[in-house]
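First comes the structure, then the notes that go with it.
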Amino acid sequence: MNILVTGGAGFIGSHLCDALISENHNLTVVDNLILGRKENIEHLQNHPNFRFVKEDLLDMATIDNLFADSAFDAVFHMAANSDIQKGGKDPVVDYELTFMTTFKVLQCMRKHNVKQFIFASTSAIYGETNDLLTENYGPLLPVSNYGASKLACEAFISAFCANYGIQAWIVRFPNVVGERFTHGVIYDFIHKLKKNPNELEVLGNGEQYKPYVYVKDLVNGILFVWQHTSEKLNVYNLGVDSRTKVKEIAQMVIDAMGLNARITYTGGDRGWIGDVPEFRYDLAKIHHLGWKAERTSNEAVRLSIEKALEIIK
């Protein structure tokens, strides 16, 4: 297929590109390199099925021309603001980089008759609740600007499917870890310990309890859902059955770095405004489809720490 991957130089997007290239699809990657990194896709640059375009999805005229010239069969839309803390400080960030980029891509798809849309959504749309989160859970009351913008995107995707003949796959990610990440708890802990190997400050009380999925498992799950479902609108939670506490991640990082650092906590039940301290996915739907993550949450965290320490000197 002739596929557009938005945000394809980013953390998750670049791993998705690796997988799609391995399946012999023709890829065009669009990334403005604000969060994405050219080195994430450097190994693909000379591949005959790969093309990189450095452009901003908010530039409608340029993106419209790209669609007009390319005859895409499908769009994997990975581009978004992935830094929830940054979006919390300025709501315009998520409005523009998460919602408006999605809306403009959908508009180009409608205009140029592109029929398949695969969307990277998030657990943040569910808001703050102790309930087990199924795909049909509601009402949805996100507490972060990031979650709100992703939920607005889902609403427009649903409407575009109903009105313009588009078929969509919405996959809701939990916390994702692995090589090529640019922020997040593991990234932060390693860099804090590089600055001060004697003490590690943890935001909140360390009891935050969430599922962490390894990025390659996640990509495998995205493609599995896309290839094994055929409704007009397909919605799936994707993740792992297990969870890991932030204080456990802190100790894993300290141990992996061979340190004896003291852990301190800033207090409170969350790390920042918009943080959801705890959530649990119901994965019955994706498991019934036939997919399950290869690694547990703890295994994903440990492997990600190992991969990160190979690169961060």
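The values are calculated or read from the model by the stated rules, or taken from the named source; none is laboratory data. Predicted model, so just to flag it, every value in this text is computed and none were measured. All Cβ positions, glycine included, derive from the backbone under ideal geometry; neighbour counts span all protein chains shown. Accessible surface areas use protein heavy atoms only, side chains included; no ligands, DNA or RNA. Shrake-Rupley method; radii C 1.70, N 1.55, O 1.52, S 1.80 Å.
Annotations
- Of the residues making up the stretch 72-92, those that are surrounded by fewer than 15 Cβ atoms within 10 Å (Cβ to Cβ) and either outside any loop (DSSP other than H, G, I, E, B) or out of contact with any strand residue (DSSP E or B) (no Cβ under 7 Å at 6 or more places or on another chain) (or both) are 89, 90, 91, 92.
- Residues that are in a helix (DSSP H, G or I) and either crowded, with 23+ Cβ neighbours inside 10 Å or β-branched (Val, Ile, Thr) (or both) within the stretch 144-162 comprise 145, 146, 147, 148, 149, 150, 153, 157, listed in sequence order.
- Any hit, the stretch 239-252, residues being open to solvent by 10 Å² or more (accessible area, probe 1.4 Å) and at positive phi: no
- In the condition set (1) under 22 Å from residue 178 (Cα atoms); (2) surrounded by fewer than 21 Cβ atoms within 10 Å (Cβ to Cβ); (3) modelled with pLDDT of 95 or more; (4) in contact with a Ser or Thr (Cβ under 9 Å, 6 or more places away or on another chain), residue 211 is compliant with all but (2).
- Exactly one residue out of 20, 35 is among the aliphatic types (A, V, I, L, M), at pLDDT below 95, outside any strand (DSSP E or B) and surrounded by 15 or more Cβ atoms within 10 Å (Cβ to Cβ): that is 35.
- Taking (1) surrounded by fewer than 22 Cβ atoms within 10 Å (Cβ to Cβ); (2) in contact with a helix residue (DSSP H, G or I) (Cβ under 9 Å, 6 or more places away or on another chain) in turn, residue 69 satisfies each apart from (2).
- For the criterion of being open to solvent by 10 Å² or more (accessible area, probe 1.4 Å) and among the aromatic types (Phe, Trp, Tyr), residue 99 passes.
- All positions within the stretch 216-245 that are in a helix (DSSP H, G or I) and in contact with an Asp or Glu (Cβ under 7 Å, 6 or more places away or on another chain): 217
- In the set (1) open to solvent by less than 30 Å² (accessible area, probe 1.4 Å); (2) more than 30 Å from residue 109 (Cβ to Cβ); (3) among the hydrophobic types (A, V, I, L, M, F, W, C); (4) touching a strand residue (DSSP E or B) at 6+ places or on another chain (Cβ under 6 Å), residue 190 fails one condition alone, (4).
- Checked against the criterion of being free of Cβ contacts under 8 Å to residues at least 24 places away in the same chain, in a strand (DSSP E or B), open to solvent by 50 Å² or more (accessible area, probe 1.4 Å) and hydrophobic (A, V, I, L, M, F, W, C), the stretch 120-141 contains one or more residues that satisfy it.
- Every condition in (1) polar (S, T, N, Q); (2) within 25 Å of residue 225 (Cα to Cα); (3) open to solvent by 10 Å² or more (accessible area, probe 1.4 Å) is met by residue 28 except one, and the failing one is (3).
Here is a yes/no grid of residues against (1) among the polar types (S, T, N, Q); (2) open to solvent by less than 20 Å² (accessible area, probe 1.4 Å); (3) free of Cβ contacts under 8 Å to residues at least 60 places away in the same chain; (4) not in a helix (DSSP H, G or I):
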| position | (1), (2), (3), (4) |
| --- | --- |
| 39 | no, no, yes, no |
| 47 | no, no, yes, yes |
| 106 | no, yes, no, no |
| 109 | no, yes, yes, no |
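- Among the residues making up the stretch 287-313, those that are assigned to a loop (DSSP other than H, G, I, E, B), at pLDDT 95 or above and open to solvent by 100 Å² or more (accessible area, probe 1.4 Å) are 292, 294.
- Which numbered condition residue 35 misses (of (1) in contact with a strand residue (DSSP E or B) (Cβ under 8 Å, 6 or more places away or on another chain); (2) in contact (Cβ under 8 Å) with a residue 60 or more places away in the chain; (3) of a type outside the set (Phe, Trp, Tyr)): (1)
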